[in-house]
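Below is one structure, written out as structure tokens, with a few remarks after it.
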Amino acid sequence: MQVVFEIMTDFFRIPEWVGISVLGWGLLAGVSAEEVSPQVLERIAFGSCASQNKPQPVWDEVVKVKPELFLAIGDNIYGDTTDMEVMKAKYTELGAKPGYGALRKTCPVLATWDDHDYGVNDGGAGYSRKVESQQIMLDFYGVPLDSPRRKRPGVYESWRFGQEGKRVQIILLDLRYFRSRASKDKRSAEEKARLNLVGWYVPNQDPDATVLGADQWAWLEAQLRLPADLRIIGSSTQVIASEKGMESWGNFPLERKRLYDLIGRTGANGVVFISGDVHFSEISRTNEGPYPLFDFTSSGLTNSHPGWAAAVNPHRVSPVAYAGPNFGLLQIDWNAPAPAVTMETRTLTGAVAISQKIQLSDLKKK
């Protein structure tokens with residue numbers, strides 16, 4: 001087994017357009033895809049929805065908690081363009097943020113994308129520049145040149161950390177590259193307001209509609225069959241909450257059922273979803289899977305929307321939906337009599353706005 005953390009100057013050349021020297025990033029560590037690192041993870045931070053043209057003080061608080069890994073799960077910039085020079089410039093603007101540079105010196109950053117960093121609002125398979133956008137995204141995050149992500153469509157990937165009994169699997173999905181069109185909600189704004197709906201979509205019941213595409217589904221099944229004690233599945237949009245009418249897995253209910261069924265069929269214990277997109281934070285739970293499934297939403301690092309946070313979500317188990325800038329923190333206690341993961345929403349002051357503890361023994365089919 002190769003050593004997972006390698007010095008990037010020997011493995012990958014940062015493109016000139018990024019505009020930052022290797023020393024400016026600090027010591028970058030490449031995390032090889034689909035490998036097992038011996039490092040035991042106890043603190044994993046994540047976030048979404050970071051406008052590159054806004055101040056980003058949130059990184060100071062992220063760095064303070066000393067995460068061993070940061071997961072960027074979508075809308076990591078607001079690209080929204082078919083001009084790839086514009087896309088590069090926006091990534092460069094993010095990379096020039098001092099706080100983001102401090103994060104890169106603190107821990108590796110693993111990333112997937114959502115619609116805005118993919119290139120088009122609410123975009124799916126029809127986006128015309130997805131091939132070029134993928135390579136620019138992988139360049140920015142320092143993905144090694146021999147990574148499977150360089151050789152296949154879509155930016156999905158997985159990693160495993162730790163040894164048996166303390167093994168964490170990170171799975172970052174790509175919900176954009178292959179996704180079918182969502183079905184528009186044709187109800188009036190007044191009717192939706194009466195129902196406390198804030199979104200634009202209704203469920204697409206077409207059995208041929210897809211979220212992940214055939215190849216990614218097959219890949220995900222193989223990943224879920226690998227041994228792990230805790231599996232963190234990064235989904236750029238919410239998995240469980242869907243009644244708002246915003247983008248979510250609920251827009252494709254047959255695909256969401258397929259996801260839940262796949263977790264059961266593969267015997268994949270320990271699944272926790274993390275998600276972003278909605279510009280607020282909440283924790284949702286469903287009993288539709290083989291065991292209770294939780295979706296920890298953290299959004300956004302810079303962008304927040306109290307109106308969206310007030311929308312209906314019958315699956316919410318967090319006491320509140322927090323609508324200020326925030327990031328998510330997963331703290332894993334392997335040494336407790338009953339090992340557990342605590343999900344925390346952290347604010348710009350470092351305060352804990354939401355907290356939920358889950359024993360890993362509960363994330364198993366009974």
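The values are calculated or read from the model by the stated rules, or taken from the named source; none is laboratory data. If you're wondering where the values come from, they're calculated on a predicted model, not measured in any experiment. Note that each Cβ is placed from the backbone with ideal geometry, even for glycine, and that neighbours are counted across all protein chains shown. The area values use the complete protein model at the heavy-atom level, side chains included, leaving out ligands, DNA and RNA. Shrake-Rupley method; radii C 1.70, N 1.55, O 1.52, S 1.80 Å.
Solvent-accessible surface (1.4 Å probe) assigned to ASP60 amounts to roughly 90 Å². Its Cα centre serving as origin, the chain has a Cβ charge dipole (Lys and Arg +1, Asp and Glu -1) of approximately 560 debye. Value of Rg to Rh for the stretch 223-366, rounded to two decimals, is 0.96; Kirkwood radius and Rg both from alpha-carbon coordinates. Only bridges whose two residues both fall in the stretch 249-309 count here: according to DSSP, what percent of them are antiparallel, nearest 5? Antiparallel: roughly 60 percent of the beta bridges in the stretch 249-309. THR82 exposes around 80 Å² of accessible area when a 1.4 Å probe is run over every protein chain in place. Of all lysines in the structure, the ones whose alpha carbon falls short of 26 Å from that of LYS244, not counting any fewer than 8 places away in one chain, are LYS184, LYS186, LYS192, LYS257, LYS357. Under the classification rounded if a/c is under 1.5, otherwise prolate if a/b is larger than b/c and oblate if not, where does the stretch 61-157 fall, given a ≥ b ≥ c as square roots of the Cα gyration tensor eigenvalues? Prolate shape, in that a/c is at least 1.5 and a/b is the bigger ratio. Working from label points 7 Å from Cα in the Cα-to-Cβ sense, the ARG181 to GLU132 distance is 2.4 nm. Using the 1.4 Å probe convention, the accessible area of the chain works out to 39 Å² per residue with neighbouring protein chains retained. When only alpha carbons are used to place a centre, the stretch 296-366 and the stretch 131-196 end up 20 Å from one another. Surface composition of the stretch 37-128: carbon plus sulfur atoms hold 53% of the accessible area, using a 1.4 angstrom probe and ignoring ligands, DNA and RNA. If only the Cβ of Lys and Arg carry +1 and only the Cβ of Asp and Glu carry -1, the dipole of the stretch 56-207 around its Cα centre is close to 360 debye. Amide H contacts of ARG43 (H built 1.01 Å from N, in plane; Pro and chain starts excluded): GLU68, ILE332 sit under 5 Å, all sequence-distant by 5 or more or on other chains. If a/c stays under 1.5 just call it rounded; otherwise compare a/b with b/c (prolate if a/b is bigger, oblate if not). Do that for the chain, with a ≥ b ≥ c from the square roots of the Cα gyration tensor eigenvalues. Judged from the Cα gyration tensor, the chain comes out rounded (a/c under 1.5). Once the Cα-Cα distance is subtracted from the 0.36 nm per residue extended length, the LYS365 to GLU221 segment shows a gain of 50.1 nm. Tally Lys/Arg at +1 and Asp/Glu at -1 over every other residue whose Cβ is under 14 Å from the Cβ of GLY119; what's the total? Every neighbour counted, the sum reads -4.
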